[in-house]
Amino acid sequence: MKKQVFKLKPLSKDGVESALAKAEHYRLLNSPKLAESICLDILEVDKDNQKARIVLLLALTDQFGQSTMTVAKEAQDMAFSLKDDYTRFYYTGIIHERQGNVALSSAVHGSDFDAYEWYLEAMEYYEKAQALAPPANNDAILRWNTCARTIMQFNLEERPSDAPYPILE
């Protein structure tokens with residue numbers, strides 16, 4: 001059977017702001033694929049729209065653990081495309097934190113060690129972001145504290161040197 005290929009219809013530039021509001025709304029409704037699609041449409045007509053890039057990145061992270069492994073790479077690529085260092089560091093931290101959340105909720109043996117490593121990496125990015133944050137912006141501190149509390153709550157720790165790594169499928 002032949003694969004269908006459609007020519008996507010472009011958004012009007014005047015409709016970008018309302019489309020962005022819809023993408024944010026769909027994220028809140030736990031419909032990240034819809035939010036992702038809308039953001040991709042926005043970026044077709046407004047390639048430098050930073051807010052659309054951020055919403056897309058977050059929609060991709062909402063799919064961690066439910067979609068293919070390429071979603072994490074797409075989210076990371078989107079983080080690298082953000083314009084300023086603070087934003088790049090902050091959202092890279094979110095990507096790592098959310099990968100930690102997925103690992104923590106996984107039933108795979110040893111995933112608690114993976115979660116610990118993801119949270120530590122997220123905390124490093126949050127520290128870098130905090131160093132660049134505007135004076136009243138405590139977002140990176142709030143995220144750092146969340147990671148620290150999660151590590152302490154679940155008694156997460158470094159993988160022992162004699163612990164086996166999970167078998168990749």
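If I model a spin label as a point 7 Å beyond the Cα along the Cα-Cβ vector, how far apart are those points for GLU127 and LYS3 in nm?
Each label point is offset 7 Å from its Cα along the Cβ direction, giving 4.4 nm.
Lys and Arg at +1, Asp and Glu at -1: add these up for the other residues within a Cβ distance under 9 Å of LEU8 and post the number. Could you put the intermediate results ahead of the total?
Numbers: positive: LYS7, LYS9; negative: ASP41, GLU44.
With Lys, Arg at +1 and Asp, Glu at -1, the net is 0.
Mind putting a number on the dipole of the stretch 13-78 about its Cα centre? Charges go on the C-beta only, +1 for Lys and Arg and -1 for Asp and Glu, and I need it in Debye to the nearest 20. Don't skip to the end; give the middle numbers.
Values: 8 positive and 11 negative charges, 30 e Å.
About 140 debye.
In whole angstrom, how far apart do the alpha carbon centroids of the stretch 54-102 and the stretch 119-161 sit?
If we compute the Cα centre of each part, the gap is 15 Å.
How many times 2.2 N^0.38 Å is the alpha carbon radius of gyration of the chain? Write down the numbers at each step before the final one.
Working: Rg = 17.9 Å, N = 169, 2.2 N^0.38 = 15.5 Å.
Computed over Cα atoms of the chain, the ratio equals 1.16.
What percent does the relative contact order of the chain come to when contacts are Cα pairs within less than 8 Å and at least six residues apart?
Answer for the chain is 15 percent.
Summing Lys, Arg as +1 and Asp, Glu as -1, what charge do residues with Cβ under 12 Å from the Cβ of GLU74 carry, GLU74 excluded?
In short, 0.
Say the cut-off is 19 Å between C-alpha atoms; which of LYS7/LYS51; LYS9/LYS47; LYS13/LYS51; LYS2/LYS33 go over it?
On the way: LYS7/LYS51 25 Å; LYS9/LYS47 16 Å; LYS13/LYS51 15 Å; LYS2/LYS33 24 Å.
Violating the 19 Å Cα-Cα cut-off are LYS7/LYS51; LYS2/LYS33.
Among TRP118, GLN66, ILE42, whose Cα sits farthest toward the positive end of the charge dipole of the chain (+1 at Cβ of Lys/Arg, -1 at Cβ of Asp/Glu, about the Cα centre)?
ILE42
Looking only at TYR126, TYR91, TYR26, which one moves most when the chain is put into a Gaussian network model with springs between Cα atoms under 10 Å?
Its mean-square fluctuation being the largest, the pick is TYR26.
Within the stretch 1-73, which trypsin sites (Lys or Arg not before Pro) sit in a loop by DSSP and count at most 12 neighbouring Cβ atoms inside 10 Å? Don't skip to the answer; put the middle values down first.
Numbers: sites: LYS2, LYS3, LYS7, LYS13, LYS22, ARG27, LYS33, LYS47, LYS51, ARG53, LYS73; in loops: LYS2, LYS3, LYS7, LYS47.
Taking the stretch 1-73 and a limit of 12 other Cβ atoms within 10 Å, the loop trypsin sites (Lys or Arg not before Pro) found are LYS2, LYS3, LYS7, LYS47.
In the stretch 97-115, which residues have a backbone nitrogen under 17 Å from the label point lying 7 Å from ARG149's Cα in the Cα-to-Cβ direction?
97-98, 101
Sum -39500 (n - 2.57) across every DSSP H segment of at least 4 residues in the chain, then divide by the residue count to get the 222 nm mean residue ellipticity, nearest 500.
Details: 7 runs with 109 residues, N = 169.
After summing the helix terms and dividing by the residues of the chain, the value is -21500 deg cm²/dmol.
List ARG98, ARG88 from most exposed to least, where exposure is judged by having the fewest other Cβ atoms within 10 Å. Let's see the in-between values first.
Details: ARG98 21, ARG88 18.
Lowest to highest Cβ neighbour count: ARG88, ARG98.
Just need the relative contact order of the stretch 84-156 here, percent rounded to a whole number, with Cα pairs under 8 Å and 6+ apart.
Values: 82 pairs, mean separation 26.1, N = 73.
RCO, the stretch 84-156: 36 percent.
Just want to confirm a number: the relative contact order over the stretch 13-78, from Cα pairs under 8 angstrom separated by 6+ residues, in percent.
Here the relative contact order equals 27 percent.
All of the numbers you see were taken from the coordinates with simple rules; none came from a lab. Because the structure is a prediction, the values reported are computed rather than measured. Positions of Cβ are generated from backbone atoms using ideal geometry, with glycine treated the same way; all protein chains shown enter the neighbour counts.
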